[in-house]
Amino acid sequence: MSGTILDGKKVSREIQDELRPRIERLSRAPALAVILVGENPASQIYVRNKVRACRDLGIRSFDATPPDTISTGELLRIIEDFNRNPEVDGILVQTPLPKQVDTQRVLQAVDPAKDADGFHPCNVGNLVANRPAPRACTPAGILELLKRSQIPIAGRRAVIVGRSDIVGKPMAFMLLHENATVTICHSRTRDLADECRRADILVAAMGRAAAITADFIKPGAVVIDVGMNRLTNEAEVVRLFAHEQARLAAFARNGYTLVGDVDPMAMREIASAYTPVPGGVGPLTIAMLMANTVALAEQHLG
Ligand code: NDP
């Protein structure tokens, strides 16, 4: 029997539809400033999708697209301008930044009251203390998905694979505040399969294509697959998607397909519910960015 698909696209639409009346009540359109450094193709796609989501909701977007030769000082000045601009409610710095730029300094320069991504140390502290503040979008979206899908969290064992500042760590605190018993795994975890098999809720955010296989999943677990890995190896694609004709045809056309961190067949057959890739966690990240921007605008405009 197959597990239930947790439809990230549908929940993302619901979240965004709920923002519309809140946006209409504001005295002016909320505004998000997006800083995209250089020409990283993946970053360009992410930013394009974020700006499109803003436009669809009537959120104004400001952009800055400096070249990848920019210095930390120059980038700090761009952020300072947006910090001072009363028309700007939220600021997002698309990462990764070029090597010569001090990413931590840049993220700390964003006014915590305009921190649309929830990455500023003040807001990370607010998360740890369970105080209201902008939350990191990807884990916040996952939490919305779990709640709106009526998946119980309190008292359940949650295992998160990955301890990044943008996914793994904030996810752990969000699930902890929902009273899950939380384990965080990483590249030095001794027996990853054994840890994962204990999970009622398994969140895979490691960036390793289909690394979580059948023997990592407890029957009936809820599996959230955050990974977004571009797969170009034909034999691997055929092995993972043997029965998915549409996927194989798209691979033949495009030369790549997106796969998560979890083996898709194992997830479908063993989990009670799971997020597909694509169409699971990805759309939720954008919805929560919009939600953070609207909440910041509400605060700024009273
Ligand atoms: P990072 O590379 O920052 O972190 C990866 C984490 O996984 C690290 O903590 C690392 O451990 C751990 N890890 C790596 N390999 C292993 C292993 N073999 N066993 C156990 N742990 C391992 O990645 P991100 O958190 O930024 O992203 C993770 C994935 O999620 C990526 O595929 C990314 O593309 C995707 N993503 C998707 C988003 C979406 O909207 N759908 C948004 C953000 C990310 P250690 O700390 O020890 O190095």
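The values are calculated or read from the model by the stated rules, or taken from the named source; none is laboratory data. It should be emphasised that the depicted structure is a prediction, and the values quoted were computed from it without experimental measurement. Cβ placement follows ideal geometry from the backbone for every residue including glycine, while neighbour counts extend to all protein chains displayed. SASA here: full protein model, heavy atoms, side chains in, ligands and nucleic acids out. Shrake-Rupley method; radii C 1.70, N 1.55, O 1.52, S 1.80 Å.
Quick one: which of 278-286, 74-82 comes out on top by average Cβ neighbours within 10 Å, and what's the full order, highest first?
With the highest mean Cβ count within 10 Å placed first, the list reads 278-286, 74-82.
Mind grabbing the accessible area of Asp63 for me, 1.4 Å probe, Å², rounded to tens?
110 Å²
Could you work out the equivalent-ellipsoid semi-axes for segment 28-112, taking the square root of 5 times each eigenvalue of the Cα gyration tensor, largest first, in whole Å?
21, 16, 9
Enter the accessible area per residue of the chain (Å², integer; probe 1.4 Å; all protein chains in place).
48 Å²
In Å and on Cα atoms, what radius of gyration and Dmax does the chain show?
19.5, 56
Going Cα to Cα from Lys218, which lysines come in below 22 Å? Please leave out same-chain ones fewer than 8 positions away.
By straight Cα distance, Lys218 reaches Lys147.
Sort His243, His186 by accessible area with a 1.4 Å probe, largest first.
Of His243, His186, the descending order of accessible area is His243, His186.
If the convex hull of the alpha-carbon atoms of segment 137-284 is projected onto planes in all directions, what is the mean projected area in square nanometres?
One quarter of the hull surface, i.e. the mean projection, equals 8.4 nm².
Give the Debye-formula value of log10 I(q)/I(0) at each listed q (0.20 Å⁻¹), with one equal scatterer per alpha carbon of segment 242-302, two decimals each.
-0.86
How many percent of the accessible area of the chain is carbon or sulfur, using a 1.4 Å probe?
That fraction is 50 percent.
Where in the chain are the DSSP H helices whose alpha-carbon span along the long axis reaches 15 Å or more and whose Kyte-Doolittle mean is at least 1.0?
Membrane-span-like by this criterion, though nothing is claimed about a membrane: 281-301.
At 0.36 nm per residue, and after removing the present C-alpha to C-alpha distance, how many nm does the segment from Ser71 to Arg105 gain when stretched out fully?
Going from the current span to full extension adds 11.1 nm.
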